[in-house]
Every structure is written in structure tokens, then in C-alpha cells.
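Engineer: My structure is below; once you've seen it, I'll send some questions.
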Amino acid sequence: MKKVLMLSIILVLLVSAAGCSNQDKTASASKHRIKIGIMLSDAGLGDQSFSDAGFEGLEKARDNLGVKFDYREIGETKTYEKGLEQLVKGGNDLVIGLGFSMQEAMDKVAKKYPHTDFLIVDSESKLPNVSSVTFKEEEGSYLIGAIAGMKTKTNTLGFVGGMDVPLIRKFEKGFIEGARSVNPKAKVISRFAGSFGDDQAGAKIAEDLIKKKADYLYQAAGFTGVGVILEAQKAGVYSFGVDSDQYFVAEKSVVSSMLKRVDVAVYNAVKEYAEHGKIKQKNSKLGIKENGVGIAPITVIKLSPAEEETLDRLRSNISAGSISILP
């Protein structure tokens, strides 16, 4: 009888110990929160465009997924490489580079820290520990161009790019092709500011384009583009936002915005990483079909039923792949 009692006590103790062990493991796992570091694009927070959109995606991840995040701006670190390395040394599980301009710096840091996971937005890397998200900006820009082409009174449109680089040329190409698809007489005058962070430069370029009779201005220029939009409103002409819905910047001028869903892309990448410990697809490319780009609601002007039908048809054709914009 005593032996049976002793065996029972030992069994209870073993079960109790196993339970405590599992609880300890669970508690230990729950204490580890995924840490995300992000290096913002050169315009930084407050650009009302690209950087702000990426930051919003991380804020949503923090609120919905419980991740922790840290960030750096180039005004603080002076170089992308230094900022990225600080984020690695800060113990972040995933380090995000927001913008094509930090491609070289990210590759250097990723080679130096091969056991850290990286994600670059707006560019691609061949390194095994760097994933990427890029967008089909030309598709959303095509729809913006179609709106401008249908509504222009002067047949002269303006495009302002932050810098003359292949990425921004995709915006320009889509805008031109979209305008010409509905209005063969449409002419697009393009200008490049050489900066994504100079609203005064944007305003001066917009002023020059308006003097050349451009009555619809489309910008892909970060904070420089804010100057374009405000100058357009001042002159009483129409404009288009980019990356996020910029209607609130100039409510009498902004007709629509080309939505580049950087916030959604960042959030989804972080969600996947938090759930699986990795980003499954190394290189993701998001267009209209993938809901990665699109256009904001049309305000300020009204499209006729025929024009709305044309816009819907173009959107459907792009999604189906029957409209090819880039070679």
C-alpha cells in the first residue's frame, strides 16, 4: 500500500513538473516579440507620401500583431549604411529599407550580417537574406493619365519626377501611355527636380509647366510633389497625388492619387514574418491585379458615364494583362 501511495505521489510530481516546464516554455515564447527595424526613404517622416505610408504599415503591425519596431531617418544617420547597421545592432529580427535609393547600402550591410533578414521596398536584391517588394507603378499611372487625357482642355499635361531614375520613369511612361490611349492629341511635358525633398523646387517646376498651358499635373516626387500640388491649386489648375491619397493637401486641385500601397505591402510582409519566421516569396511584384496599386476616389471633377466606363474598361484590361505598358 505504501509503495502504491509513493508511486502515485511521484507520478503527480512528474506531471506537475512537466506542466510547469510547458508553462515556462509558453511564457518564454510569449516574451519574445518580433522586432522590426525600418530605414526610411530620404524625405523621411512628414513627406505625406512614401515614407509616411510605410510607417503607417508598421504602426498597424504594432497595433494588430504586437510587434515592436524602431526606425531611422537619413537626417539623423547621415548615410543609409549607418542607419541600417544601427538597426541590425539594435537586435531587430527583420530590417526594412524603404526606397530604391538604399539598394547599395542594404547589400553592403546584408553581406556583413548574413544571419539577419532584410526586406527592401522598391528595388530587388540577389542576396539570399534580402527579400523585396516592388510595384507596377506604370499601371496606376496609366489610369491617372487616362483621366487627364479625357478631361484636359489644352491637350497639354505636365509630369514632375523627383529624380530621373528608372523607377520614376515607370510613373512617367504609364501617365503618357494612359493619356494617349484616350486622347491621341495629348502632349506631356516632363520635368525632373533632382530631389524628393524640396517642395520649393516642385513649386517652381509646376509654375513653369502651367505657363506652358499644362492644365493637369502629375507628380511622382515625394515631398517635392507637395510643392507641385500646392502651386497647382494656387494657379487654379488640376493635379494628381501619388503613393497615398493626397486630396487633403490641396482639396481644390487634387483630382485623384495613384495609390501605391506601401503601407499594405509593409504590413503584409511583417505579418508573414511574424507568423512564419520568414518572408516566403523572395521577390514580390504588386500591380492592379494584386491590389498593390490603384487610384483614389475622383474628386473636384466629375467623369461622364462614358468616361467612367472607359476608365473601368482600362482597369479591367490592365488587370487581365491585355494592356502592355512597359516593353
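The values are calculated or read from the model by the stated rules, or taken from the named source; none is laboratory data. This structure is a prediction, so every number in the text was calculated from the model and none was measured. Virtual Cβ from ideal backbone geometry, glycine too; neighbours counted across all protein chains shown.
Engineer: Considering region 134-155 alone, what residues qualify as being closer than 24 Å to Glu290 by Cβ and either of a type in the set (S, T, N, Q) or part of a loop (DSSP other than H, G, I, E, B) (or both)?
Structural biologist: If the condition is that a residue be closer than 24 Å to Glu290 by Cβ and either of a type in the set (S, T, N, Q) or part of a loop (DSSP other than H, G, I, E, B) (or both), then Thr134, Lys136, Ser141 are the ones that fit.
Engineer: If you go through region 98-120, how many residues are at pLDDT below 95 and closer than 23 Å to Ile34 by Cα?
Structural biologist: 2
Engineer: Do the conditions hold for Arg180, that is, is it within 17 Å of the chain's Cα centre (by Cα) and charged (D, E, K, R)?
Structural biologist: no
Engineer: Now for a different question. Can you name the number of the only condition in (1) in contact (Cβ under 8 Å) with a residue 12 or more places away in the chain; (2) more than 20 Å from Gly46 (Cβ to Cβ); (3) acidic (Asp, Glu) that Asp245 fails?
Structural biologist: (2)
Engineer: Of all residues in region 280-327, count the ones that are part of a helix (DSSP H, G or I) and among the hydroxyl-bearing types (Ser, Thr, Tyr). Talk me through it step by step, then tell me what you get.
Structural biologist: The first filter runs over region 280-327 and keeps only residues part of a helix (DSSP H, G or I), leaving 305-320.
Still in the running and among the hydroxyl-bearing types (Ser, Thr, Tyr): 310, 316, 319.
The total comes to 3.
Engineer: Only one residue in Ala110, Ala105, Ala53 is among the hydrophobic types (A, V, I, L, M, F, W, C), under 22 Å from Met163 (Cα atoms) and touching a Leu at 6+ places or on another chain (Cβ under 8 Å). Which one?
Structural biologist: Only one candidate passes the filter, namely Ala105.
Engineer: Filter region 62-88 down to residues that are among the aliphatic types (A, V, I, L, M) and in contact with a strand residue (DSSP E or B) (Cβ under 7 Å, 6 or more places away or on another chain) and give me whichever is nearest to Leu230 (Cα to Cα). So that I can check it myself, show each step before the final result.
Structural biologist: Going through region 62-88, the residues among the aliphatic types (A, V, I, L, M) turn out to be 65, 67, 74, 84, 87-88.
In the following step, the residues that additionally are in contact with a strand residue (DSSP E or B) (Cβ under 7 Å, 6 or more places away or on another chain) were identified as 67, 84, 87-88.
Values: Val67: 37, Leu84: 34, Leu87: 36, Val88: 39 Å.
Top of the filtered list is Leu84.
Engineer: Name the residue, out of Gly202, Gly222, Gly197, that is within 17 Å of Gly162 (Cβ to Cβ) and at pLDDT 95 or above.
Structural biologist: Being within 17 Å of Gly162 (Cβ to Cβ) and at pLDDT 95 or above holds for just one of Gly202, Gly222, Gly197, which is Gly202.
Engineer: Another question, if that's okay. In region 278-288, is there at least one residue being among the β-branched types (Val, Ile, Thr), surrounded by fewer than 24 Cβ atoms within 10 Å (Cβ to Cβ), under 18 Å from Gly178 (Cβ atoms) and touching a residue at least 12 places away in the same chain (Cβ under 8 Å)?
Structural biologist: Yes - at least one qualifying residue is present in region 278-288.
Engineer: Somewhere in region 103-113, is a residue part of a loop (DSSP other than H, G, I, E, B), over 27 Å from Asp199 (Cβ atoms), assigned by TED's automatic domain parsing to the domain that holds Tyr273 and out of contact with any strand residue (DSSP E or B) (no Cβ under 7 Å at 6 or more places or on another chain)?
Structural biologist: Scanning region 103-113, I find at least one residue that is part of a loop (DSSP other than H, G, I, E, B), over 27 Å from Asp199 (Cβ atoms), assigned by TED's automatic domain parsing to the domain that holds Tyr273 and out of contact with any strand residue (DSSP E or B) (no Cβ under 7 Å at 6 or more places or on another chain), so the answer is yes.
Engineer: Which condition does Phe171 not pass, out of (1) assigned to a helix (DSSP H, G or I); (2) surrounded by fewer than 21 Cβ atoms within 10 Å (Cβ to Cβ), if it passes all the others?
Structural biologist: Of (1) assigned to a helix (DSSP H, G or I); (2) surrounded by fewer than 21 Cβ atoms within 10 Å (Cβ to Cβ), only one is false for Phe171: (2).
Engineer: I would also like to ask the following. Which pairs do you get when a residue that is in the same structural domain as Gly162 (by TED's automatic domain parsing), found in region 221-238, comes within reach of a residue that is part of a loop (DSSP other than H, G, I, E, B) and aromatic (Phe, Trp, Tyr), reach meaning Cβ atoms under 8 angstrom, with the pair 6+ apart or on two chains?
Structural biologist: Ala221/Phe196; Gly222/Phe196; Phe223/Phe196; Thr224/Phe196
Engineer: Turning to a different aspect of this structure: Within region 233-243, work out how many residues are of a type in the set (D, E, K, R), part of a strand (DSSP E or B) and more than 20 Å from the chain's Cα centre (by Cα).
Structural biologist: In the first step, residues of region 233-243 are kept if they are of a type in the set (D, E, K, R); the result is 234, 243.
Within this subset, residues satisfying the condition of being part of a strand (DSSP E or B) are 243.
After this cut, where a residue has to be more than 20 Å from the chain's Cα centre (by Cα) as well, the list is none.
Adding up the residues that qualify gives 0.
Conditions tested, residue by residue: (1) on the phi > 0 side of the Ramachandran plot; (2) in contact with a Phe, Trp or Tyr (Cβ under 7 Å, 6 or more places away or on another chain); (3) part of a helix (DSSP H, G or I).
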site: Ile176; (1), (2), (3): no, no, yes
site: Ala201; (1), (2), (3): no, no, yes
site: Asp208; (1), (2), (3): no, no, yes
site: Gly227; (1), (2), (3): no, no, yes
site: Glu231; (1), (2), (3): no, no, yes
site: Asp245; (1), (2), (3): no, no, no
site: Ser257; (1), (2), (3): no, yes, no
site: Tyr267; (1), (2), (3): no, no, yes
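Engineer: Kindly list the number of the only condition in (1) of a type outside the set (D, E, K, R); (2) in a loop (DSSP other than H, G, I, E, B); (3) not assigned by TED's automatic domain parsing to the domain that holds Ile38 that fails for Gly158.
Structural biologist: (2)
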